[in-house]
Amino acid sequence: MAVNPPLFGNGTPIPFVDEMFVLTRDSVEFNVDHPYSPGSKFSAKGSLLISNFRVVFVATKPVGNIAAYDLPLLYIHDEKFNQPILFCNNLSGKVHPVVPDGEHPSLYKVSSFKILFKEGGVGTFVPLFFGLLRSVRAANVESVNVSAPPANPLPSEQAPVEDMIRHAYIDPNDPTRVYLQQPFDTQPSLRRRTYKAYAPEEGQL
């Protein structure tokens with residue numbers, strides 16, 4: 001997981017080379033243990049975007065200096081869809097940190113996260129999310145390791161997501177929007193090629 005991935009002016013994440021965004025979901029609540037500050041938690045409402053590489057949460061209003069979180073699909077594990085009787089549907093899991101350049105991995109811990117769906121159904125979102133995880137893991141089976149994630153958060157092999165998008169079930173009660181066309185037209189030279197993570201300075205969390 002990384003804090004504050006680069007965004008366009010409209011809040012859309014700047015894509016990586018070969019990245020394809022699959023869906024977006026507004027009006028979710030995102031809770032997570034901060035990876036760079038033990039004991040600190042982040043909670044905000046905003047939008048969720050999912051690609052063949054990652055999950056990106058973009059807050060409606062930044063909390064402190066944090067406007068977005070980036071969860072690489074290869075770093076997510078122990079994911080679970082929950083349907084509590086007296087609370088809203090939610091998705092929980094754990095994610096390894098993207099370690100800032102020059103830092104030792106032992107300084108950063110695995111974070112627990114939860115995505116709460118407080119408006120509308122999840123009949124489109126949940127099958128696509130879990131289908132993407134299975135597809136990415138199957139295409140990168142040598143990189144899947146819960147105790148020690150790959151050094152590079154980007155998949156080495158591309159998961160075949162086009163058919164998944166074309167055959168996605170559209171739940172009329174689910175406000176998730178599936179991208180039949182990409183939400184941007186970015187020149188390849190402007191796309192990101194590597195992850196870079198920066199720990200916020202002390203006092204800015």
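The values are calculated or read from the model by the stated rules, or taken from the named source; none is laboratory data. Being a predicted model, the structure only gives us computed values, none of them experimental. Quick note on the areas: whole protein, heavy atoms, side chains included, nothing else; ligands and nucleic acids left out. Shrake-Rupley method; radii C 1.70, N 1.55, O 1.52, S 1.80 Å.
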Sequence of ARG177, ARG193, ARG54 when ordered by accessible area, the most exposed leading, probe 1.4 angstrom: ARG193, ARG177, ARG54
GNM flexibility winner over the chain from ASN82, ASN52, ASN31 (Cα, springs under 10 Å): ASN82
With all protein chains modelled, accessible area of GLU157 [1.4 Å, Å²]: 110 Å²
Percent accessible area from carbon and sulfur atoms, segment 2-146, protein chains only, probe 1.4 Å: 54 percent
Segment 1-31-segment 142-185 distance, computed between alpha-carbon centres (Å): 12 Å
Among LEU86, LEU116, LEU23: highest mean-square fluctuation, GNM of the chain, C-alpha pairs under 10 Å: LEU86
Calculated volume of the Cα convex hull per residue in Å³ (choose from (i) 159; (ii) 127; (iii) 185), label: (ii)
Among ALA59, ALA148, ALA44: highest mean-square fluctuation, GNM of the chain, C-alpha pairs under 10 Å: ALA148
Surface accessible to a 1.4 Å probe, LYS114 within the full protein complex, Å²: 80 Å²
Relative contact order, percent, the chain [alpha-carbon distance under 8 Å, six or more residues apart]: 26 percent
Helical mean residue ellipticity (222 nm; -39500 (n - 2.57) per DSSP H run of 4+; nearest 500) of the chain: -3000 deg cm²/dmol
Lys pairs, segment 15-133 - Cα-Cα below 18 angstrom, 8 or more residues apart or on other chains: 13
Accessible area per residue in Å² at 1.4 Å probe, computed on the chain: 51 Å²
